[in-house]
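**Student:** Sharing a structure here in structure tokens format.
The values are calculated or read from the model by the stated rules, or taken from the named source; none is laboratory data. The structure presented is a predicted model; accordingly, all values stated were derived computationally and were not measured. Cβ placement follows ideal geometry from the backbone for every residue including glycine, while neighbour counts extend to all protein chains displayed. Heads up: the accessible areas ignore ligands, DNA and RNA and are worked out on the full protein's heavy atoms, side chains in. Shrake-Rupley method; radii C 1.70, N 1.55, O 1.52, S 1.80 Å.
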Amino acid sequence: MISLIALCILGAFVAAILAAVWGKDKGQAGEMQIYNVLEQLEGQKAIISNCYLPLKDSGTTEVDLILIHESGIYVIESKNYSGWIFGSENHKYWTQSLPNHSGQAEKYQFYNPLWQNETHIRCLKSLLQNNEVPYYSYVVFGNNCEIKNLHLVSNRHRVTYYRYLLGELSENARSVGRCLTDEQINAFYALLLKFTDASDEQKARHIEEVRAKHYPIIKPDGTWICPQCGGRLVPRVARQGSGAGKTFWGCSNYPKCHFIYNK
Ligand SMILES: [Zn+2]
């Protein structure tokens, strides 16, 4: 009898561990999918994953992904859930509904991801100390779920699926235009990287990689090469905007490649 009870406890224990590991794996797989999407977005950018930002009073809050893009800072919460999703911007908890074996739905509650992102953005604003930077909140659900009923009252958040993310980001970036300089992208990236759990060596390498992508490669013969596509950089004159009339270096593969460098 005792051994039977022990076996049951052991069984439940193993199931709990498997569920936790599976949930975590699923979460990580979701973040990876989003990371791959962000990498495809055109324009100058840096991506930070799993950033633990300090809260005002104490403790930290974890941000799944932060995209520092020339059009602004995108704060992304990944929800790799399945089933049906119901939620409202004003409600503290949202509901995930999963059909079970008997045909009935099992319901789970989770904390309002829009509120989560509000907190993330507040933390970022106080860390980066720059009021001009636009912030965008994105909550992105896995392709295996269906957002059934969602009540959004403000314009502050976008809720979408993995499969639509690249299109939505591209459209937003295009309509907003350039808001951050390369120097700002690098500076914010270096600052936020301190709050990730990467090792010091990884952090140094990340910074070097981002820096390298933003600066021209100068060959021994004096030609300037685009760090993003390997094309030749050529001097150009800005035709519009605040810098009209100024010269800058542009990639000869424009419009395929948008790299520019201001001396
Ligand atoms: Zn190029």
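**Student:** Of the conditions (1) within 28 Å of V37 (Cβ to Cβ); (2) open to solvent by less than 90 Å² (accessible area, probe 1.4 Å); (3) away from the ligand (no atom under 16 Å from the Cβ), C257 fails just one. Which one is it?
**Tutor:** In the conditions (1) within 28 Å of V37 (Cβ to Cβ); (2) open to solvent by less than 90 Å² (accessible area, probe 1.4 Å); (3) away from the ligand (no atom under 16 Å from the Cβ), C257 misses (3) alone.
**Student:** In addition: If you take the residues in the range 215-254 that are touching a residue at least 24 places away in the same chain (Cβ under 8 Å) and in contact with a Pro (Cβ under 8 Å, 6 or more places away or on another chain), which one is nearest to the ligand (Cβ to nearest atom)?
**Tutor:** Within the range 215-254, the match that is nearest to the ligand (Cβ to nearest atom) is C226.
**Student:** Somewhere in the range 59-76, is a residue touching a Pro at 6+ places or on another chain (Cβ under 7 Å) and loosely packed, with under 14 Cβ neighbours inside 10 Å?
**Tutor:** The answer is yes, given that some residue of the range 59-76 is touching a Pro at 6+ places or on another chain (Cβ under 7 Å) and loosely packed, with under 14 Cβ neighbours inside 10 Å.
**Student:** Test each condition in (1) exposed (fewer than 15 other Cβ atoms within 10 Å of the Cβ); (2) more than 25 Å from I47 (Cα to Cα) for W224 and report the one that comes out false.
**Tutor:** The single condition W224 does not satisfy is (1).
**Student:** Are there any pairs, at least 6 apart or on different chains, whose C-beta atoms fall under 7 Å, with the first in the range 33-57 and on the phi > 0 side of the Ramachandran plot and the second open to solvent by less than 50 Å² (accessible area, probe 1.4 Å) and among the aliphatic types (A, V, I, L, M), and if so, which?
**Tutor:** G43/A173
**Student:** For the range 97-123: of the residues being assigned to a strand (DSSP E or B) and open to solvent by less than 50 Å² (accessible area, probe 1.4 Å), which is nearest to R156 (Cα to Cα)?
**Tutor:** Initial filter on the range 97-123 (assigned to a strand (DSSP E or B)): 97-99, 105-111.
Cutting the leftovers down to open to solvent by less than 50 Å² (accessible area, probe 1.4 Å) gives us 97-98, 110.
Numbers: S97: 26, L98: 28, F110: 20 Å.
The qualifying residue nearest to R156 (Cα to Cα) is F110.
**Student:** May I ask you to say which residue of E201, E168 is open to solvent by less than 70 Å² (accessible area, probe 1.4 Å) and outside the structural domain of C226 (by TED's automatic domain parsing)?
**Tutor:** Values: E201 fails: open to solvent by less than 70 Å² (accessible area, probe 1.4 Å).
Matching residue, one of E201, E168: E168.
**Student:** Does the range 52-67 contain any residue that is polar (S, T, N, Q), touching a helix residue (DSSP H, G or I) at 6+ places or on another chain (Cβ under 6 Å) and within 14 Å of L169 (Cβ to Cβ)?
**Tutor:** We begin by selecting, within the range 52-67, every residue polar (S, T, N, Q); these are 58, 60-61.
Keeping just the survivors that are touching a helix residue (DSSP H, G or I) at 6+ places or on another chain (Cβ under 6 Å) gives 61.
Now drop any that are not within 14 Å of L169 (Cβ to Cβ), which leaves none.
Within the range 52-67 (the criterion being polar (S, T, N, Q), touching a helix residue (DSSP H, G or I) at 6+ places or on another chain (Cβ under 6 Å) and within 14 Å of L169 (Cβ to Cβ)), the answer is no, since none of the residues qualifies.
**Student:** Search the range 227-254 for residues being under 21 Å from E42 (Cα atoms) and among the aliphatic types (A, V, I, L, M), and hand back the single one that is surrounded by the fewest Cβ atoms within 10 Å (Cβ to Cβ).
**Tutor:** V234
**Student:** Any residue that is in a helix (DSSP H, G or I), more than 16 Å from the ligand (Cβ to nearest atom), of a type in the set (D, E) and out of contact with any strand residue (DSSP E or B) (no Cβ under 9 Å at 6 or more places or on another chain) - is there at least one of those in the range 189-207?
**Tutor:** We begin by selecting, within the range 189-207, every residue in a helix (DSSP H, G or I); these are 189-193, 200-207.
Right, trim to more than 16 Å from the ligand (Cβ to nearest atom) and you get 189-193, 200-207.
Those left that are additionally of a type in the set (D, E): 200-201.
Of the ones still in play, those that are also out of contact with any strand residue (DSSP E or B) (no Cβ under 9 Å at 6 or more places or on another chain) are 200-201.
Yes.
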